[in-house]
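The values are calculated or read from the model by the stated rules, or taken from the named source; none is laboratory data. Just so it is clear, the model here is predicted, and its values are computed rather than measured. All Cβ positions, even for glycine, are placed from backbone atoms using ideal geometry, and neighbour counts span all protein chains on display. Note: accessible area is taken over every heavy atom of the protein model, side chains too, but ligands, DNA and RNA are not part of it. Shrake-Rupley method; radii C 1.70, N 1.55, O 1.52, S 1.80 Å.
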Amino acid sequence: MNGRETFPADFVWGAATSAYQIEGATEEDGRGESIWDRFASTPKKIADRSDGRIACDHYHLWPKDIQLLEWLGVGAYRFSIAWPRVLPQGRGTINEKGLAFYDALVDGLLEAGIEPFPTLYHWDLPQALEDEGGWGNRETTEAFAEYAEVVTRRLGDRVRHWVTHNEPWCIATLGHEHGHHAPGHKNVGLALKVAHHLLLSHGMALEPIRRNVRDAQVGIVHILSPAEPASENDTDRNAARQFDGLFNRWFLDPLFRGRYPKDAIQDRKEWGHLDSIELPFVHGGDLELISQPLDFLGVNYYSRTVVKAGRDGRPEGVRVVPKEELTDMGWEVYPDGLRTGLKRIHTDYSPPRIFVTENGAAYSAGPDADGRVHDPRRVEYFRGHLAAILQAKNEGVPVDGYFAWSLLDNFEWAMGYEKRFGLFWVDYANQKRLPKDSAHDFKRIVQSGRPHPPAEESHSAQEETT
Ligand code: IFM
């Protein structure tokens, strides 16, 4: 490798989770219903018919989970705040017990020397707001700003780094166009409106966050999937451009350039997603709010998308490696896409700092007879992607931190508990956490600052089970 082979000492190392995926206690201490509670209780929505009612019981076990972070040696923890725990109706009456939970979590993290990186919205909209039209209703943006005000007023004296939204593409597309995620709508016009309202609410939340947090560092998280043409044909190249427009530029252009991408608007009009190239949901001043300067961009990366032109002329993803090489999510392992994607973001949008806020792989490997979890493919996944990040850094991209997805096995949305992304294996029957080989390896990566850390010392799985 050219350049530096070790991450700098001030590189932020962390692990990530989200509220609905780990907390459980969905009916405790005054928490309101969220769209995911409602969606998961609807027949046939979740592959294993599970839900987030108990999940990893983090609501009760959080002190132990902080110990896991300490054991890993990370300096940061990315988690999300459950809006319906804090404002059960989405706005108005504050649930003190909900705020107290995050207060205690933040204090516990700081006592352990771990910097909190909360995300305000990781998909669990209060059902009460959905009943009024959800993210399709422009008024939800005001409710989000109110929620940001309440949370940062309480935690802003101790928490400096804030993320507004996690992956607006997933919220808009999976939840409102494909119907695979809550709230389960299948309406592309609605999805476009939702995408805009998410970005707008991000812009509206910046003012209260910055007012309540001294020296705030605020960002938003985009899920990045670089599009590569399946061949050098003009049609496939065009399909890759189209995919990039829908997936990446539809979100990054408004944030960094204050406009939606013209070519993608045109594509959507041709496909009947829009009646005209006017975007009726965009009001005067919206794009100025959306494109206010950010302190950082969070990038979640799992894989690239290789694209060909489908029969209907629309872009279509193609599998380019044998099935056995895919992760349990069916995703290709392609670390170089992270390097090129980061470089492209740096060149085209120049965010002042970038954090890789999620990266990881689902593999089902569980404990063997000796109580060890051998997950060599996840070990390689992390190493390969960290090497790609270091290369991007050496090529001038300001990547300042990395959060492994995920600290724990957890509720993988519509896939339920069958897909396991954790550094720690979770035995859902007794809530024991067990470090996988990848957790041991990640700990050594953090200690050494090297994507390929020095060889391991022997460890006893039993001693480390919590
Ligand atoms: O589990 C999710 C997470 O909630 C958002 N980003 C992708 C992860 C893996 O699918």
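Distance between the modelled labels on R257 and R158, one decimal in nanometres: 4.2 nm (7 Å Cα→Cβ projection). Note on K269: lysines with a C-alpha under 25 Å away, same-chain residues under 8 apart excluded, are K186, K193, K308.
Per-residue ellipticity at 222 nm, computed for the chain from helices alone with -39500 (n - 2.57) per DSSP H run of at least four residues, works out to -11000 deg cm²/dmol.
Estimated from the Cβ-Cβ distance and a Förster radius of 51 angstrom, the FRET efficiency linking K432 and S276 is about 0.35.
Extension gain for D400 to E380 (0.36 nm times residue separation, less C-alpha to C-alpha distance): 5.0 nm. Descending by average beta-carbon neighbour count within 10 Å, the peptides 209-216, 297-304, 168-175, 320-327 line up as 297-304, 168-175, 209-216, 320-327, the highest first. The distance linking segment 118-155 with segment 391-463 is 30 Å (Cα centroid to Cα centroid, whole angstrom).
Any lysines with Cα under 27 Å of the K393 Cα? List them, leaving off those in the same chain fewer than 8 positions away. Straight-distance partners of K393: K343, K443. Accessible surface of segment 66-181, 1.4 Å probe: 47 percent of it comes from carbon and sulfur atoms.
Is segment 37-123 best put as rounded, prolate or oblate by its Cα gyration tensor, with a ≥ b ≥ c the root eigenvalues, rounded for a/c under 1.5, and otherwise prolate when a/b is larger than b/c, oblate when not? Because a/c hits 1.5 or more and a/b fails to exceed b/c, segment 37-123 counts as oblate. The residues of the chain expose, per residue, 39 Å² of accessible area to a 1.4 Å probe. The alpha carbons of segment 293-387 stretch over 52, 42, 18 Å along the principal axes, in descending order.
Quick check for you: which residues of segment 314-339 have the amide N under 15 Å from the point 7 Å beyond the Cα of E418 toward its beta carbon? 327-331, by backbone N distance to the label point. Classify the chain as rounded, prolate or oblate, taking a ≥ b ≥ c as the square roots of the eigenvalues of its Cα gyration tensor: rounded when a/c is under 1.5, otherwise prolate if a/b is larger than b/c and oblate if not. Note, shape of the chain comes out rounded. Remark: segment 189-200, residue by residue, has Karplus-estimated 3J(HN,Hα) of x, 5, 4, 5, 5, 4, 4, 5, 5, 4, 5, 4 Hz, where x stands for each Gly or Pro and the curve is 6.51 cos²θ - 1.76 cosθ + 1.60 at θ = phi - 60°.
For segment 343-445, the square roots a ≥ b ≥ c of the C-alpha gyration tensor eigenvalues yield an a/c of 1.5 or more together with a/b exceeding b/c, which makes the shape prolate. Centroid-to-centroid, using Cα positions, segment 267-309 and segment 1-71 are 27 Å apart. Here the convex hull built on the C-alpha positions of segment 193-242 has a volume of 100 cubic angstrom per residue.
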